[in-house]
Amino acid sequence: MTTYTFPHNFIWGAATASYQIEGAWNEDGKGESIWDRFSHTSNKVTGGHTGDTACDHYHRYEEDIELMHRLGLKAYRFSTSWPRIIPSGRGKVNLKGLDFYDRLVDAICAANLDPFLTLYHWDLPQALQDQGGWENRDTAYAFADYAALMVKRLGDRVKNWSTFNEPAVVAFVGNLYGEHAPGFKDEGIAYRVAHNVMVAHGLGVQAIRNANSSLKAGIVLNLWPFEPETNTPEDLSAAENIWKANETHFLEPIFKGHYSPESYEIAEKHLTTFKDGDMALISQELDFWGLNFYSRHVISGEGEFVKVPASEYTEMDWEVCAPSLRRLLVRLYQDYKLPPLYITENGSAFQDEVSADGKIHDPRRLDYLKQHLIQTRLSMLDGVDVRGYFAWSLLDNFEWAHGYTKRFGLVHVDYTTQKRTIKDSGEWYAQVIRKNEVPE
Ligand code: IFM
């Protein structure tokens with residue numbers, strides 16, 4: 001039996017995001033976020049679900065940190081809710097909100113976990129959306145002020161700071177496909193949002209470093225490789241063209257300092273707020289970057305998405321294809337000059353049942369995790385500088401437009417009682433962490 005041993009300093013973690021777990025949507029002075037507004041609007045989220053209570057982490061964070069401790073995690077990736085801290089997005093600070101994150105970070109550190117903080121995981125203050133949201137360049141400056149405030153308060157304990165989680169989802173799922181808050185379906189808005197979010201990232205990196213030069217700053221991108229259905233020249237070129245038009249939209253500006261010709265062709269006419277100096281701001285050197293990887297797209301010669309009959313698909317209808325993670329990583333490190341990498345999210349949604357013994361046997365999630373960890377290790381042996389891995393997610397939680405119908409957690413949450421139960425996959429992950437190796 002092969003075992004895959006990881007370097008002794010490899011960081012094993014799990015991730016969550018504020019809106020998906022915290023609840024307490026209007027407590028202790030918190031302002032409304034675009035996700036509060038969106039989920040409170042009918043027909044936006046499956047079943048009319050909202051994040052009003054979610055996993056009630058705002059009140060139960062100590063219990064959740066105890067769970068992380070039991071799993072043996074070395075690090076915890078979470079995001080802070082901007083409207084909890086600055087209810088109107090700029091100006092007056094809500095001290096109770098700031099105190100919450102202060103207590104949270106203290107408790108994370110007391111449990112010997114390394115906090116990895118993301119400043120923006122989609123819950124924009126609604127007050128800023130009312131002034132144009134990310135389409136308004138001023139939001140980027142407000143973001144930088146928020147970043148500086150957070151660093152001043154938490155930078156003595158939090159070393160790793162990500163500006164944004166998945167800017168592509170922010171821009172396109174929220175503003176072109178209308179499936180996420182704020183729910184627009186407008187190509188122009190989407191491309192302007194994408195650009196302003198990158199500007200905000202650049203300003204955020206500056207703000208983090210100006211506030212405390214010893215910190216590490218990065219960004220988290222979600223990337224889906226586009227792979228050909230077969231190796232015919234038609235399939236290969238169709239997949240490559242779609243990759244370039246879609247997936248390089250953030251990669252090239254951030255890591256090369258210019259838009260790729262393929263994505264700029266569409267973006268250019270919309271970029272009314274582009275300013276000289278933007279690309280230098282956007283492409284500042286980073287200390288690390290995060291990759292959120294879930295699956296791949298398979299493309300036919302006609303440029304159509306195809307399903308692979310022999311493959312397994314998760315509840316999200318995402319193909320399980322771990323080797324494409326390794327192929328993606330190797331390609332990225334050939335195409336770009338990249339800083340060290342954390343896999344900041346990776347995981348799978350499957351239906352779970354609590355069995356008679358009270359346990360959650362989730363062999364498919366366990367196997368997904370195992371296959372992706374093996375491919376992560378293989379990519380490291382290929383030379384990719386992966387420093388850590390964060391499973392998505394610590395807890396079952398609010399899966400955006402799908403509400404609570406998709407469960408990604410290592411820990412099961414009963415949303416009626418808020419009882420947490422570590423799933424088999426979570427127990428298995430704990431053993432991997434303990435031994436620092438993955439058995440085949
Ligand atoms: O739940 C999300 C997370 O918020 C961002 N990345 C993908 C996950 C699964 O869809």
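What to note about this one:
- Amide proton proximity set for GLY347, modelled H, under 5 Å, gap of 5+: TRP392
- The chymotrypsin sites (Phe, Trp or Tyr not before Pro) found in region 135-218 that occupy coil by DSSP, while having at most 15 further C-beta atoms within 10 Å, are TYR177.
- Dimensionless Rg/Rh of the chain - Kirkwood Rh, Rg from C-alpha atoms: 0.94
- Residues SER348, SER283, ordered by accessible area of protein heavy atoms at a 1.4 angstrom probe radius and largest first, appear as SER283, SER348.
- For region 202-208, 3J(HN,Hα) computed residue by residue from phi via the Karplus equation (6.51, -1.76, 1.60; θ = phi - 60°) reads x, 5, x, 4, 4, 5, 4 Hz, glycine and proline entered as x.
- Placed amide H near GLY409: partners under 5 Å, 5+ positions off or other chain: SER393, ASP396, ASN397
- Two-decimal Rg/Rh across region 168-231, once Rg and the Kirkwood Rh are taken from alpha-carbon atoms: 1.15
- Selection of trypsin sites (Lys or Arg not before Pro), region 220-286, meeting DSSP coil and at most 12 other Cβ within 10 Å: LYS275
- Whole-Å distance, taken between Cα centres, linking region 1-41 and region 274-335: 21 Å
- Near the amide H of ILE11, within less than 5 Å, lie the amide hydrogens of GLY388, TYR389, all on another chain or at least 5 residues away, with H placed in the peptide plane.
- Over the Cα atoms of region 292-440, the radius of gyration divided by the Kirkwood radius equals 0.99; this is the Rg/Rh ratio.
- Coupling constants for region 106-117 follow from the phi torsions by the Karplus curve (6.51 cos²θ - 1.76 cosθ + 1.60, θ = phi - 60°), and in residue order they are 4, 5, 4, 5, 5, 8, 6, 9, 8, x, 10, 9 Hz; glycine and proline get x.
- Working from Cα pairs under 8 Å separated by at least six residues, relative contact order for the chain is 18 percent.
- Ellipticity estimate at 222 nm from DSSP helix runs (n ≥ 4, -39,500 (n - 2.57)) divided over the chain, nearest 500: -12000 deg cm²/dmol
- For the pair region 389-436 and region 80-157, the centres of their Cα atoms are 25 angstrom apart.
- Note on the chain: antiparallel DSSP beta bridges, both residues inside, total approximately 25 percent of the bridges counted.
- In this structure, the residue pairs whose Cα-Cα separation is over 20 Å, taken from LYS159/LYS419; LYS44/LYS406; LYS44/LYS96; LYS185/LYS256; LYS244/LYS370, are LYS159/LYS419; LYS44/LYS96; LYS185/LYS256; LYS244/LYS370.
- Couplings for region 180-189, taken from phi via the Karplus curve 6.51 cos²θ - 1.76 cosθ + 1.60 with θ = phi - 60°, read 10, 4, x, x, 7, 10, 8, 4, x, 4 Hz in order; Gly and Pro are left as x.
- Loop trypsin sites (Lys or Arg not before Pro), region 337-431, which have at most 12 other Cβ atoms in a 10 Å radius of their Cβ (DSSP): LYS337
- Take ARG326: with every protein chain present and a 1.4 Å probe, its accessible area is about 80 Å².
The values are calculated or read from the model by the stated rules, or taken from the named source; none is laboratory data. This structure is a prediction, so every number in the text was calculated from the model and none was measured. Every residue, glycine as well, gets a Cβ built from its backbone with ideal geometry; the counts of neighbours run over all protein chains shown. Just the protein is used for accessible areas: all its heavy atoms, side chains included, with ligands, DNA and RNA removed. Shrake-Rupley method; radii C 1.70, N 1.55, O 1.52, S 1.80 Å.
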